[in-house]
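Chemist: Before I ask anything, here is the structure I am working with.
The values are calculated or read from the model by the stated rules, or taken from the named source; none is laboratory data. Everything quoted here is computed from the prediction, not taken from an experiment. Glycine also receives a Cβ, built like all others from the backbone with ideal geometry; neighbour counts cover every protein chain displayed.
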Amino acid sequence: MTAWLLARPLALTIALTLDLALGDPHYRLHPVRLLGDTIATGERVLRRTRFSDRAAGTMLAASTLVLAAGSALALSMLAWRIGGLVAGVAVDAVLTYFALAGRALADEGRRVRERLEADDLPGARAALAGVVGRDTADLDESQISRAAIETLAENSVDALVATALWGLLLGPTGAWAHKVASTLDSMVGYRNERYERFGTAGAKLDDLLAWVPARIAIPLVTLAAATVRLDWRGAWSTGVRDRLRHTSPNSAHGEAAFAGALGVQLGGVVSYSGVASERPAIGAEFIAPSASDLRAAGRLLVAVETVILVCAAIAALAALALA
């Protein structure tokens, strides 16, 4: 029990440090890329069967969850059995690090912002298209900034807060269980004719595993905003007020807190595959965002990860003192 108490926060502290320092290396055999390939292959295979879309999607979610989280559990147990505390913590940290994407998300936002600051709208649209599913071809500077900030804010929960929380509670098994849910939601969790039924299980799993992290995100963003001299009062008040202004039960929490911290309005018209829809305004009293606000959003995202790192380190020190 003493080793477990120490291992979870210590492994998370190391994983967050690695993520902030190194980001997310791009190579063909990266575990997250392999996860995406597995989901895509599973979809192709299951759609050829006679199962209903809902049953096939449920089988995809269950099998991917067992494969990914089970593999993380097996590797962790093997390391602990062979190498004890040191090897166990090291392997747990690396596995959790691969599931985190805070620095990678900030880097994607930076690439969009650099193109905007260089007055390269086509380049900014292309950079944005790499991280969002919405149509980007006709977006102006403010719309590009808004879309990028929304992506950073919403994914601060999925790519960072939720992964860290589940990693703290259940080690790499928990981190990868959430990563599976988040990746399923991003790949098959769309509300359109193709995925309305097939993606239900993945979307519901993501809603379940992100429910608590989304609500933790508001105080985390508030604290992070104070550390980088943004409007922490606005982060809290707007976060609490507008946290449910989205069709998803979790997506607006991060967006609302970011909107208040930055003093920008999010939401509004968004288009997918040529079909436009109107989202509720978040931070309706604020102005439309610009490239400078996108820069501040990147700073805020890094601050959120730093706050989580400090909390994990404090938990590790407390566990060490108890040991």
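Chemist: Please indicate, with yes or no, whether at least one residue in segment 23-45 is crowded, with 16+ Cβ neighbours inside 10 Å, in contact (Cβ under 8 Å) with a residue 12 or more places away in the chain and over 21 Å from the mean Cα position of the chain (by Cα).
Modeler: Looking through segment 23-45, at least one residue is crowded, with 16+ Cβ neighbours inside 10 Å, in contact (Cβ under 8 Å) with a residue 12 or more places away in the chain and over 21 Å from the mean Cα position of the chain (by Cα).
To keep it simple, each residue is scored yes or no on (1) out of contact with any Ser or Thr (no Cβ under 8 Å at 6 or more places or on another chain); (2) among the small types (Gly, Ala, Ser).
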residue: Asp119; (1), (2): yes, no
residue: Gly123; (1), (2): yes, yes
residue: Gly130; (1), (2): yes, yes
residue: Ala137; (1), (2): yes, yes
residue: Thr163; (1), (2): no, no
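Chemist: What tally of residues in segment 85-140 results from selecting those that are of a type in the set (Gly, Ala, Ser) and outside any helix (DSSP H, G or I)?
Modeler: Number of matching residues: 5.
Chemist: Touching a residue at least 60 places away in the same chain (Cβ under 8 Å), out of contact with any Asp or Glu (no Cβ under 9 Å at 6 or more places or on another chain) and buried (at least 21 other Cβ atoms within 10 Å of the Cβ): which single residue out of Ala101, Ala147 fits that description?
Modeler: Ala147
Chemist: Here is a follow-up. Looking only at segment 112-144, filter to residues that are free of Cβ contacts under 8 Å to residues at least 40 places away in the same chain and of a type in the set (D, E, K, R); which one of those is surrounded by the fewest Cβ atoms within 10 Å (Cβ to Cβ)?
Modeler: Asp138
Chemist: Report every pair of residues separated by at least 6 positions or lying on different chains whose Cβ atoms are under 7 Å apart, first residue within segment 201-229 and in contact (Cβ under 8 Å) with a residue 60 or more places away in the chain and under 21 Å from Gly189 (Cα atoms), second surrounded by 17 or more Cβ atoms within 10 Å (Cβ to Cβ) and of a type in the set (A, V, I, L, M, F, W, C).
Modeler: Ala201/Ala61; Gly202/Ala61; Gly202/Ala181; Gly202/Leu184; Gly202/Val188; Leu205/Ala61; Leu205/Ala181; Leu205/Leu184
A quick yes/no check of all residues on (1) closer than 25 Å to Val112 by Cα; (2) at pLDDT below 95; (3) assigned to a helix (DSSP H, G or I):
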| position | (1), (2), (3) |
| --- | --- |
| Arg146 | yes, no, yes |
| Leu152 | yes, no, yes |
| Thr163 | yes, no, yes |
| Gly174 | no, no, yes |
| Met187 | yes, yes, yes |
| Arg191 | no, yes, no |
| Glu196 | no, yes, no |
| Trp211 | no, no, yes |
| Ala224 | yes, no, yes |
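Chemist: Output the residue which, of all residues in segment 191-222 that are crowded, with 17+ Cβ neighbours inside 10 Å and closer than 13 Å to Phe258 by Cα, is farthest from the chain's Cα centre (by Cα).
Modeler: The selected residue is Thr222.
Chemist: Related question: If I ask for residues that are assigned to a helix (DSSP H, G or I), touching a residue at least 40 places away in the same chain (Cβ under 8 Å) and either touching a strand residue (DSSP E or B) at 6+ places or on another chain (Cβ under 9 Å) or surrounded by fewer than 23 Cβ atoms within 10 Å (Cβ to Cβ) (or both), which ones from segment 238-251 would you list?
Modeler: Within segment 238-251, Thr238, Asp242 qualify.
Chemist: Hey, another quick one. Based on this model, can you work out whether Ala235 counts as over 21 Å from the mean Cα position of the chain (by Cα), free of Cβ contacts under 8 Å to residues at least 60 places away in the same chain and not in a loop (DSSP other than H, G, I, E, B)?
Modeler: Taking the combined requirement at face value, the residue does not satisfy it.
Chemist: Now, a different point. Looking at Ile308, is it buried (at least 17 other Cβ atoms within 10 Å of the Cβ) and in a helix (DSSP H, G or I)?
Modeler: yes
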